[in-house]
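To keep things clear, I will list the structure first and then write my remarks on it.
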Amino acid sequence: MARDEKKQFSAEIVKSSSLDDRSTHFSVKVQLAPRDFLGSIRLKYVKLGYSYLICPRLCLLIASILVVSLSTSVELGKLKWENFCPQFDLMDGLFLVGLLVVIMYVYLDLTPKPTYLLDFACYRPPNDLKVSKDEFIELARKSGNFSEASIEFQQRILKSCGIGNESYMPRVVFRPGYKITLSDGREEAATVMFGAINELLAATKIKPKDIGILVVNCGVLNTTPSLSSMVINHFKLRNDVQSFNLGGMGCAAGIVAIDVAKDLLKEYPSTYALVVSTEAVSFTWYKGNDRDKLISNCFLRMGAAAMLLSSSRLHRWQAKYELRQILQTHQGRQDTSFRSMRIVEDAKGTQGVSINRNLVEAFLSCVSWHLKILTNKTGLLEHICVMAMSKKVLNEIERKLELTEDHMEASRRTLERFGNTSSSSTWYEMAYLESSAKIKNSHRIWQISFGSRIKCDSLIWKALKNVGRTNRSPWN
């Protein structure tokens, strides 16, 4: 008998005894089981239909249609409202109110939902993690991990890379005999992520329980539990939070994370989305002598950024920016781009980030194409935040795109002060523009980042107000 048919019957064993209690009889009583109404129907579809029936917008639309119909029928029936209220033409008023409600309903339901950036925060590590260029070379030499030729190579890069003497690094990487460990990676990630989130929550006054979407990105550190789970555990986010952890996408993953949050806000419009972008420098550190892997040692620095997004139109008045455009390109199908930046091991099995000579050329082609597409769609861009990779890359972008020094100021200053903080770099640049009081109402800001394989991503933000210096800026 089929399983569904068995559920329609119930069996009961009935015991009976004779009068002299010497014999006992058993009988089996079979009867129809009571029908499980809730189990026999798809309750979730009933709930879904019920939610549509009691939708406030639908009720508002029906009411407005009735008002318009009533006003029309009264006019056709020659029964004028003036007979009752001769001083006012109420039917025209009711008709206009109903028409306005219909227009408002169509506008709210059919137009795309906006994505607002309420605020963002960038983490500034403590001063004891500052490492000057001279100290970098001194600590690298004392570590005993590099040959003298490798020390000199890194010294030449540091002199011309555009990084100043106040960027931050985890000093543990200079320890003699240092080995990459998950413990060090988790500790660094927790420090910068939690620091940025704490700054953001303090600035927005949002409680962790109000966050319904969480997207965390980190290029090389992918642990179990994930970094997003670490955030959920530390801040005690609610049980139904939509959590995502992005990895392996390099410096471009921050913009990908914003795109993921934007799409999720369409499905969960009545909540906040928290996006966290970071990189674990202790996991990218290379202690060998291959020059293509030593380059990242000289550029990558500690940092993290946290962003709070919403798609509710009620939040427009407290938001700083509105997302206007997203553009993503991937050149992974080309072998030269695919091998331009990757994590590989050297002959001794030491892991490091290998950077190919074709990297700069691949970046330049991406940036040119993005600028052409975005300017055609959005017009003039008042501010540009190019990921602070290196002085050479920024100079080439400025030359090829014929940009001004003002356009590149935020990128150069960020590179000098904080170094290359990977996917959070463009947010330090946004913070610089805010601290300089350069962002005015309706200004458009272009953020562009690059990742391995080569991935190039762009965001266009529109300022909703004049944005000035904040007390919690990393530039204060």
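We did not get these values from a lab; they are worked out from the coordinates using the rules stated. Note that this is a predicted model, so its numbers are computed, not measured. No Cβ is skipped: glycine too gets one built from the backbone with ideal geometry, and neighbour counts run over all protein chains shown.
Between LYS465 and SER442, the built amide H atoms are under 5 Å apart, and every one of these is 5 or more places off in sequence or on another chain.
Considering only the other residues whose Cβ falls under 14 Å of the Cβ of GLN318, what net charge follows from Lys and Arg at +1 and Asp and Glu at -1? Could the numbers behind the result be given before it?
Numbers: positive: LYS205, ARG313, ARG316, LYS320, LYS465; negative: ASP119, ASP210, GLU322.
Net charge around GLN318: +2.
The order of the peptides 310-322, 112-124, 193-205 by mean Cβ neighbours within 10 Å, most packed first, is 112-124, 193-205, 310-322. The order of the peptides 162-175, 451-464 by mean Cβ neighbours within 10 Å, most packed first, is 451-464, 162-175. Taking only the C-alpha atoms of region 116-463, Rg followed by Dmax gives 19.4, 61 Å.
When ILE151, ILE103 are ordered from fewest to most other Cβ atoms inside 10 Å of their Cβ, what list results? Please report the intermediate quantities before stating the final value.
Numbers: ILE151 18, ILE103 11.
Going from least to most buried by this count: ILE103, ILE151.
Looking at region 116-463, the DSSP beta bridges with both ends there are about 65 percent antiparallel.
Just want the ordering: THR470, THR284, from fewest to most Cβ atoms lying within 10 Å of their own Cβ.
Details: THR470 17, THR284 23.
Ranking THR470, THR284 by Cβ neighbours within 10 Å, fewest first, gives THR470, THR284.
Shape call for region 290-339 from the C-alpha gyration tensor, a ≥ b ≥ c root eigenvalues: rounded (a/c under 1.5), prolate (a/b greater than b/c) or oblate? Oblate, because a/c is 1.5 or more while a/b does not exceed b/c. A Förster radius of 51 Å, combined with the Cβ-Cβ distance separating LEU139 from TRP317, puts the computed FRET efficiency at roughly 0.55. Around ARG472, under 13 Å between beta carbons, what's the net of Lys plus Arg minus Asp minus Glu among the other residues? Residues near ARG472 contribute 0 overall.
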